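Here's a structure for you.
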Amino acid sequence: MKAIALLPAAGSGSRMNSPRPKQYLDLNGRPLIWHTLLALHAVPELARIVVVLSAGDEWWETFDWSGFARLTVLRCGGDSRAESVKNGLDALRAAGEAQDEWVLVHDAARPCLAPELVSGMIGELGYHPVGGILAVPVADTLKLAGEGQSIARTHPRDGLWQAQTPQMFRLGMLADCLGQGMGPDITDEASALEKAGHTPQLVMGSPWNLKVTYPQDLQLASLILAAHAERNR
Ligand code: C5P
């Protein structure tokens, strides 16, 4: 089973309080996205790895990407993550990729992805009628905040999962669902499929597959990558 990875990497990373977009922040001596690409290149089922940058990105060219043989770079990022993904999918369709090709959308900002999780997901979903996402069950007790940061109530966590990426769907179906509207309720690919009436599958992910969002996440990502390297020695 072959598939394509699509990485939206056109964000500015405003929550990081950094002048540099977060995909280019230094992580163990490399730009953050370099680690994400390394993990995806270790997945044999991924025939192509496609990065979506913003048209005005001036950082990409300043790094060496020569080790990544299956990489394609598109400069068609949009104003939101969903728009960047949709633009990338449209470019793949225009370039002749088949409608039923599996596409795994993965945040550039998740550098600690384990390649075997991706292979497992492709194996598990390869014959699924819709596709699905990596996710983990919610572990903490959830509180709904009221006025002045008081606790309004405790929200039952039974059956709740935290969505991660990759999110794996057919190229044509995903592009069509995103094309039906990309409002604030579409915060990941699965939500676009759900809104269109489809039922994506949850596949067990890993708490180590964190998304770098705030500055302290970089330190945690660095420790996780070091642990991976130690395990693979
Ligand atoms: O900001 P957030 O952490 O939700 O971004 C998730 C991913 O979406 C990042 O890899 C970011 O670069 C990407 N993104 C994008 N286009 C945007 C906004 C975010 O490709 N306009």
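The values are calculated or read from the model by the stated rules, or taken from the named source; none is laboratory data. If you're wondering where the values come from, they're calculated on a predicted model, not measured in any experiment. We place every Cβ from the backbone using ideal geometry, glycine too, and count neighbours over all the protein chains shown. Heads up: the accessible areas ignore ligands, DNA and RNA and are worked out on the full protein's heavy atoms, side chains in. Shrake-Rupley method; radii C 1.70, N 1.55, O 1.52, S 1.80 Å.
Based on this model, can you work out whether Leu113 counts as open to solvent by less than 80 Å² (accessible area, probe 1.4 Å), within 14 Å of Met204 (Cα to Cα), within 16 Å of the ligand (Cβ to nearest atom) and touching a helix residue (DSSP H, G or I) at 6+ places or on another chain (Cβ under 9 Å)? Walk me through how you get there before you give the answer.
Working: open to solvent by less than 80 Å² (accessible area, probe 1.4 Å): yes; within 14 Å of Met204 (Cα to Cα): yes; within 16 Å of the ligand (Cβ to nearest atom): yes; touching a helix residue (DSSP H, G or I) at 6+ places or on another chain (Cβ under 9 Å): yes.
Spelling it out, Leu113 is indeed open to solvent by less than 80 Å² (accessible area, probe 1.4 Å), within 14 Å of Met204 (Cα to Cα), within 16 Å of the ligand (Cβ to nearest atom) and touching a helix residue (DSSP H, G or I) at 6+ places or on another chain (Cβ under 9 Å).
Is it fair to say Pro19 is touching a Pro at 6+ places or on another chain (Cβ under 9 Å), away from the ligand (no atom under 12 Å from the Cβ) and either part of a loop (DSSP other than H, G, I, E, B) or in contact (Cβ under 8 Å) with a residue 40 or more places away in the chain (or both)?
Spelling it out, it is not the case that Pro19 is touching a Pro at 6+ places or on another chain (Cβ under 9 Å), away from the ligand (no atom under 12 Å from the Cβ) and either part of a loop (DSSP other than H, G, I, E, B) or in contact (Cβ under 8 Å) with a residue 40 or more places away in the chain (or both).
Going through the range 56-84 one residue at a time, which ones are modelled with pLDDT of 95 or more, of a type in the set (S, T, N, Q) and over 13 Å from Leu37 (Cα atoms)?
Within the range 56-84, Thr62, Ser84 meet the criteria.
Are any residues in the range 1-55 of a type in the set (Ser, Thr, Tyr), within 17 Å of Lys211 (Cβ to Cβ) and either modelled with pLDDT of 95 or more or surrounded by 15 or more Cβ atoms within 10 Å (Cβ to Cβ) (or both), and if so, which ones?
Within the range 1-55, Tyr24, Thr36 qualify.
Just to be sure, is Ala94 at pLDDT 95 or above, of a type outside the set (Asp, Glu) and more than 18 Å from the chain's Cα centre (by Cα)?
yes
While we're on this one: Which residue pairs have Cβ atoms closer than 7 Å, lie 6 or more positions apart in sequence or on different chains, and pair a first residue in the range 91-120 that is within 21 Å of Gly77 (Cα to Cα) with a second residue that is open to solvent by 30 Å² or more (accessible area, probe 1.4 Å) and assigned to a loop (DSSP other than H, G, I, E, B)?
Partner pairs satisfying both residue conditions: Ala91/Cys76; Asp107/Lys211; Ala109/Lys211; Arg110/Lys211.
So for the range 56-75 (the condition being among the hydroxyl-bearing types (Ser, Thr, Tyr), open to solvent by 70 Å² or more (accessible area, probe 1.4 Å) and out of contact with any helix residue (DSSP H, G or I) (no Cβ under 9 Å at 6 or more places or on another chain)), does at least one residue qualify?
Looking through the range 56-75, at least one residue is among the hydroxyl-bearing types (Ser, Thr, Tyr), open to solvent by 70 Å² or more (accessible area, probe 1.4 Å) and out of contact with any helix residue (DSSP H, G or I) (no Cβ under 9 Å at 6 or more places or on another chain).
I need the full set of residues from the range 162-196 which are out of contact with any strand residue (DSSP E or B) (no Cβ under 7 Å at 6 or more places or on another chain) and open to solvent by less than 60 Å² (accessible area, probe 1.4 Å), in order please.
Keep residues of the range 162-196 that are out of contact with any strand residue (DSSP E or B) (no Cβ under 7 Å at 6 or more places or on another chain), which gives 172-173, 175-187, 191-192, 194-196.
Residues satisfying the conditions are Gly172, Met173, Ala175, Cys177, Leu178, Gly179, Gly181, Gly183, Ile186, Ser191, Ala192, Ala196.
Which condition does Gly132 not pass, out of (1) open to solvent by less than 10 Å² (accessible area, probe 1.4 Å); (2) farther than 29 Å from Asn28 by Cβ; (3) not in a strand (DSSP E or B), if it passes all the others?
(3)
Turning to a different aspect of this structure: Being assigned to a helix (DSSP H, G or I), more than 10 Å from the ligand (Cβ to nearest atom) and open to solvent by 20 Å² or more (accessible area, probe 1.4 Å) is the filter here; which residues of the range 78-110 pass it?
Those that are assigned to a helix (DSSP H, G or I), more than 10 Å from the ligand (Cβ to nearest atom) and open to solvent by 20 Å² or more (accessible area, probe 1.4 Å): Lys86, Asp90, Ala91, Arg93, Ala94.
So, Val138, is that one touching a Lys or Arg at 6+ places or on another chain (Cβ under 7 Å) and modelled with pLDDT of 95 or more or not?
yes
Another question about this same structure. Need pairs with beta-carbon distance below 6 Å; first residue farther than 16 Å from Leu218 by Cβ and within the range 29-41, second surrounded by 24 or more Cβ atoms within 10 Å (Cβ to Cβ) and not β-branched (Val, Ile, Thr); sequence gap 6+ or separate chains.
Correct list of pairs: Ala39/Leu113; Leu40/Ala5.
Can you tell me which residue is farthest from the ligand (Cβ to nearest atom) among those in the range 189-226 that are in contact (Cβ under 8 Å) with a residue 60 or more places away in the chain and of a type in the set (D, E, K, R)?
This residue is Glu189.
Among the residues of the range 143-158, how many are out of contact with any Ser or Thr (no Cβ under 7 Å at 6 or more places or on another chain) and open to solvent by 70 Å² or more (accessible area, probe 1.4 Å)?
Summing the residues that are out of contact with any Ser or Thr (no Cβ under 7 Å at 6 or more places or on another chain) and open to solvent by 70 Å² or more (accessible area, probe 1.4 Å) in the range 143-158 gives 10.
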